[in-house]
Amino acid sequence: MRKILGLFFVVFSFYKIYSQNISGQILDEKTKEPIPFASISIKNTQKGITADEFGKFTIAVTNKSNLFIVNSLGYETQIISVLKLNQIFLKPKENLLNEVIVRFTNPAVRIINEAIKNKPQNDPENLPYFQYKVYHKSNVSAKIDSLNNNKKLGKLLQNSDLYVNESVGTRKYLSPNLYKEVIIGAKTSGTKSTLFTSLSPLLQQFGFYRDFITFQGRGIQEMVNLLSPLSNGALNKYDYNLADTLINFIGDSTFIVEFEPIKKAKINGMKGVLYLHSGDYAIQYVEAEPAEIGSLHFKLTQSYELIPKTTRWFPVDLFAEWKLSEFKIGGQSLRFKIRSIITDIDINAPLFPSDFDEKSLVINQDAVYQNDNFWKLNRADSLTFREKNTYEYHKNLSVAKKIKQNAVLNASEWYASGMIPLSKKLDLSIQNLFDANVYEGFRPTFNVLSNDNFSKFLRIDGKLGYGFVDKAVKYEGRLRFNLYEKYKAKLSFSYRNDISEPANVQYFIWNNPQIPYELIRTFQIARADSLSQWKAELNFRPFKHTTLSVSVLDEFRNPTYAYKFHNPMLDPKNEMMDQFHASEIGLGIRYAFGEAFSQIGRGAIITSIPSPTILVNLINGQLHFPEGDLGYTKLNTKIEYNLKTPSLGDTYINFTAGKIWGNVPYPYLYNGRGGKADQGNLIWVANHFNTMGLYEFVSDQYANLFLTHSFGRLLFKPKSKWFQPD
């Protein structure tokens, strides 16, 4: 017995000596920059780990003779000993894939074909519903090794980032396209601004099964669509290479497949690596970036895990990085990184359309005031040394520097959201603060409105504007009552004393257009009626993509241009009218599939443009004259659709039509949709005839069809990252 115990202690001592946790970092041999999410595995075993976004790792070593396999996309695989684990340098590959791949013998093609066939059962977004808890962490930094010309900034960035942000929320999904994320906790180094809190869920890519992988462009509403290597038809546009096969256990393995577009393929594609589980061909891990890297370089990695007691793989660790070469600090390009960790996944609790609304992202009012205990309980990823230093650095800034820092972030947030907080209960909209058109000239409009802190039931809205050319004051007041939250029922009463462009259908101009730069047309307004209008309107959503509206208005219009109308009830017939009093009852329906808004600060932006969009508006009106009333009926329609084609680009279809029954004066007719101003064609206006004058034609019925196609850079791929025209 004593010998057995002695042997036990010898073995245990030996184990303690060689069972050690060794930490290290994986770097690029040429640039000496960290390589994120590289894999390290012990040779001839099934044990391995993945480095973090900074290339750092900690691995358990049980035997001093262990050899370790280190690999990452785009780098040559290395086999190293324990002694070299502290700092590992990988050599970049000259070519990611072989130049010549014999397709009919390529095993990777068969694997990818099976992965495409199995997408319906593997894609999480094909589940009827799911919900989960999510922790986002984002960092803003700059390239460290090239800041020698700015020693102060270089010293700061050696040990900390420019900003770090954390947020915790819950996210719900209902098939086919309803999402809602509610942020319950938010924290940004040195500020209460929620700008980064809004950007993290907005920019993070969920899943990799869609035909197009969409990532953020230069503008907040500019999205870039890349054809996925798992899209239908991708086998004819991508090259694939089976780089390795990992044996997990008997009968279970993982295929590692590298991919990039065929050289002659006219697509916006991606290059990277897929880890596909054998049997069901589900994604276990993916690393990808645009095949054509421009001034905006994007990279993503995603890890998937099997949900316990199911056969479903679900993304659990998402990482995205942007190298923003156009945005600099201290002369150096910025880097923006987001990591999202998903926990508490539930695919069984049913969800219903009433659980969702048009806002896909909401930040709770008290989110930025959570205490340290909240973060200890909800922080899914511990803070790194750099992140702790970032918080500490901003905490110790002088008052003057804190004010300057907050001013920069707040200004960015206000610009993105279009809303400036005036107090806890009042906001200032800057949507029309710097408005202008030909008729009014520069027209600043101050729009003050209450928010949910004032009342969730009542919204008060007031506008005051002034035109520096027509030298006239305009004003508007509105009360809106939120009657029934489940169906988004809202009743509003408003009075407007303003101008209105004659013979125009207002929702063609003022609602969110399919092509945002259609709003350029509003700057060309050169003809106006003086308007005094009372209006009541009820809006509600009986279905998840559909809004119904019922409205009643009474208005007086006075043309400010030379125009008179002959009332057919007048005798003699040479008497003319130049003032009009009308009453209307309107019924409208709007169907917008896929439309979504996200909260930024106290405002919101459209983050998913709907397709299709269908609008129908029926109006019954009366023109009031001393001699009697003239009745009329108007029917206005609009259909917009966005068609994406991998090899050709994006096609926008815009169809508008209208018809009037009855005899009405010019302000109530239809102007032709001209875009040519008196100064000539200085700008191109979407969904307008740019060789037609603004007010060249008028009619009581019309139909327009506009087709706009963007090839992007499919036809011409410039090599310069600074010059990339579409």
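In segment 368-387, what residues are closer than 18 Å to I341 by Cβ and open to solvent by 90 Å² or more (accessible area, probe 1.4 Å)?
Listed by number, the residues that qualify are K376, L377.
Which of the residues that make up segment 257-290 are touching a Leu at 6+ places or on another chain (Cβ under 9 Å), open to solvent by 30 Å² or more (accessible area, probe 1.4 Å) and either more than 21 Å from K93 (Cβ to Cβ) or in a loop (DSSP other than H, G, I, E, B) (or both)?
K266, N268, Q284
Can you pull out every residue in segment 678-709 that is in contact with a helix residue (DSSP H, G or I) (Cβ under 7 Å, 6 or more places away or on another chain) and aliphatic (A, V, I, L, M)?
Listed by number, the residues that qualify are I683, V685, A686, L694, V698.
Can you find even one residue in segment 662-676 that is within 30 Å of T214 (Cα to Cα) and among the aromatic types (F, W, Y)?
Checked against the condition, which is being within 30 Å of T214 (Cα to Cα) and among the aromatic types (F, W, Y), segment 662-676 yields no hits at all.
State all residues of segment 231-251 that are outside any loop (DSSP other than H, G, I, E, B) and either on the phi > 0 side of the Ramachandran plot or touching a strand residue (DSSP E or B) at 6+ places or on another chain (Cβ under 8 Å) (or both); if no residue qualifies, say none.
Of everything in segment 231-251, those that are outside any loop (DSSP other than H, G, I, E, B) and either on the phi > 0 side of the Ramachandran plot or touching a strand residue (DSSP E or B) at 6+ places or on another chain (Cβ under 8 Å) (or both) turn out to be A234, Y238, D239, Y240, N241, L242, A243, D244, T245, L246, I247, N248.
Would you confirm, using the coordinates I've provided, whether E321 is open to solvent by 30 Å² or more (accessible area, probe 1.4 Å), at pLDDT below 90 and among the acidic types (D, E)?
No, not satisfied.
Among (1) at pLDDT 85 or above; (2) more than 21 Å from the chain's Cα centre (by Cα); (3) open to solvent by less than 40 Å² (accessible area, probe 1.4 Å), which single condition is E305 missing?
(3)
Report, by residue number, each residue of segment 63-94 that is surrounded by fewer than 13 Cβ atoms within 10 Å (Cβ to Cβ), under 16 Å from L27 (Cα atoms) and in contact (Cβ under 8 Å) with a residue 40 or more places away in the chain.
Passing the criteria: N86, Q87, K91.
Of the conditions (1) surrounded by 16 or more Cβ atoms within 10 Å (Cβ to Cβ); (2) at pLDDT 90 or above, R335 fails just one. Which one is it?
Of everything listed in (1) surrounded by 16 or more Cβ atoms within 10 Å (Cβ to Cβ); (2) at pLDDT 90 or above, R335 misses just condition (2).
Considering only segment 174-223, state which residues are among the β-branched types (V, I, T), open to solvent by 30 Å² or more (accessible area, probe 1.4 Å) and either at pLDDT 85 or above or outside any loop (DSSP other than H, G, I, E, B) (or both).
V182, I184, T214
Do you know which of the residues in segment 613-642 that are over 21 Å from T546 (Cβ atoms) and free of Cβ contacts under 8 Å to residues at least 24 places away in the same chain is least open to solvent (accessible area, probe 1.4 Å)?
For segment 613-642, the residue satisfying everything is D629.
With the checklist (1) of a type in the set (S, T, Y); (2) touching a Ser or Thr at 6+ places or on another chain (Cβ under 7 Å); (3) within 30 Å of K133 (Cβ to Cβ) in hand, flag the one item S333 doesn't pass.
Of (1) of a type in the set (S, T, Y); (2) touching a Ser or Thr at 6+ places or on another chain (Cβ under 7 Å); (3) within 30 Å of K133 (Cβ to Cβ), only one is false for S333: (3).
I need every pair where a residue in segment 586-598 that is among the charged types (D, E, K, R) has its Cβ under 6 Å from the Cβ of a residue that is crowded, with 20+ Cβ neighbours inside 10 Å and modelled with pLDDT of 95 or more, sequence separation at least 6 or different chains.
Partner pairs satisfying both residue conditions: none exist.
Would you be able to tell me the number of residues in segment 385-411 that are among the aromatic types (F, W, Y) and either more than 18 Å from D372 (Cα to Cα) or out of contact with any strand residue (DSSP E or B) (no Cβ under 9 Å at 6 or more places or on another chain) (or both)?
2
What are the pairs, 6+ residues apart or on separate chains, where a residue within segment 402-417 that is among the aromatic types (F, W, Y) has its Cβ under 7 Å from a residue that is in a helix (DSSP H, G or I) and open to solvent by 40 Å² or more (accessible area, probe 1.4 Å)?
Here the result reads none, with nothing in segment 402-417 linked to a residue that is in a helix (DSSP H, G or I) and open to solvent by 40 Å² or more (accessible area, probe 1.4 Å).
Taking interchain pairs and intrachain pairs at least six residues apart, which have beta carbon atoms under 6 angstrom, with the first residue in segment 534-547 and basic (K, R) and the second part of a strand (DSSP E or B)?
Pairs found: K535/S494; K535/L553; R541/T547.
Residue by residue through segment 646-676, note down the ones that are under 34 Å from the mean Cα position of the chain (by Cα), on the phi < 0 side of the Ramachandran plot and in a strand (DSSP E or B).
Matches in segment 646-676: D650, T651, Y652, I653, N654, F655, T656, A657, G658, G674, G675, K676.
Is it true that K486 is open to solvent by 70 Å² or more (accessible area, probe 1.4 Å) and in contact with a helix residue (DSSP H, G or I) (Cβ under 9 Å, 6 or more places away or on another chain)?
yes
Does segment 453-466 include one or more residues that are in contact (Cβ under 8 Å) with a residue 40 or more places away in the chain and either open to solvent by less than 40 Å² (accessible area, probe 1.4 Å) or closer than 21 Å to E537 by Cβ (or both)?
No.
Quick check on my filter: what residues within segment 348-358 are open to solvent by 30 Å² or more (accessible area, probe 1.4 Å), of a type outside the set (G, A, S) and touching a Lys or Arg at 6+ places or on another chain (Cβ under 7 Å)?
P353, D355, D357 - these are the residues of segment 348-358 that are open to solvent by 30 Å² or more (accessible area, probe 1.4 Å), of a type outside the set (G, A, S) and touching a Lys or Arg at 6+ places or on another chain (Cβ under 7 Å).
Restricting attention to segment 626-635, does a residue exist that is within 30 Å of V224 (Cβ to Cβ) and in a loop (DSSP other than H, G, I, E, B)?
no
Of everything in segment 334-386 that's of a type in the set (S, T, Y) and under 24 Å from G594 (Cβ atoms), which residue is nearest to the chain's Cα centre (by Cα)?
Checked segment 334-386; the qualifying residue nearest to the chain's Cα centre (by Cα) is S360.
The values are calculated or read from the model by the stated rules, or taken from the named source; none is laboratory data. Small disclaimer: the values here were computed from a predicted structure and weren't measured. Counting neighbours? That spans all protein chains shown, and the Cβs are built from the backbone with ideal geometry, glycine included. Calculation scope for accessible area: heavy atoms of the full protein, side chains included, ligands and nucleic acids excluded. Shrake-Rupley method; radii C 1.70, N 1.55, O 1.52, S 1.80 Å.
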